[in-house]
Amino acid sequence: MCKEQPGEHMDPITAVAAAGVALVVKGALEATGQEAGRSGWSGGARLVERIRARFRGDSEAETALERVADAPDDESGRQELERMLAAHMLRDRQFEDDLRRMVDEAVAAGSGPGGPQVSAALIKNAQVFNEKVEIKGDWNVS
């Protein structure tokens, strides 16, 4: 067994980040008409705007978001966005709460016809990163 490392309690944050990326991808596909009308959840644009507002000033994170919005099938772009979301959630508890709420709303709205797609997408796309996550600037963990 490997020793537990600091930060391994981040699994819930990683799951929310993966869900957030899946929803950004879903929103990008809906915007291009590939998935139009398949979801009863209309919070996709709100989610992207919340992420965009949080990322403002962080050019690396902004670029990761735009990359996924422009090319939702780009796997490395999705992984990069997931890392950025996780890092920003660790620094900003309010952002983490907002993202969790929006993901929960999406899953709840997805309970109707065609609804399990979000869950299936999350399961299919869920990944665990064993890479080092670097966080710059001042931040507090409570």
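Restricting the stretch 53-70 to residues that are under 13 Å from the mean Cα position of the chain (by Cα) and touching a residue at least 40 places away in the same chain (Cβ under 8 Å) leaves a set whose member that is farthest from residue 23 (Cα to Cα) is 54. Of all residues in the stretch 44-68, those satisfying the criterion of being charged (D, E, K, R) and in a helix (DSSP H, G or I) are 46, 49, 50, 52, 54, 60, 62, 66, 67. Across the stretch 97-126, which residue is farthest from residue 30 (Cα to Cα) among those that are surrounded by fewer than 20 Cβ atoms within 10 Å (Cβ to Cβ) and modelled with pLDDT of 85 or more? Across the stretch 97-126, the extreme among qualifying residues is 97.
Summed over the stretch 71-106, residues that are touching a residue at least 24 places away in the same chain (Cβ under 8 Å), in contact with a helix residue (DSSP H, G or I) (Cβ under 7 Å, 6 or more places away or on another chain) and assigned to a helix (DSSP H, G or I) total 17.
The values are calculated or read from the model by the stated rules, or taken from the named source; none is laboratory data. The structure displayed is predicted, hence computed values, not measured ones. Using ideal geometry, Cβ is built from the backbone for each residue, glycine included, and neighbour counts are taken over all protein chains shown.
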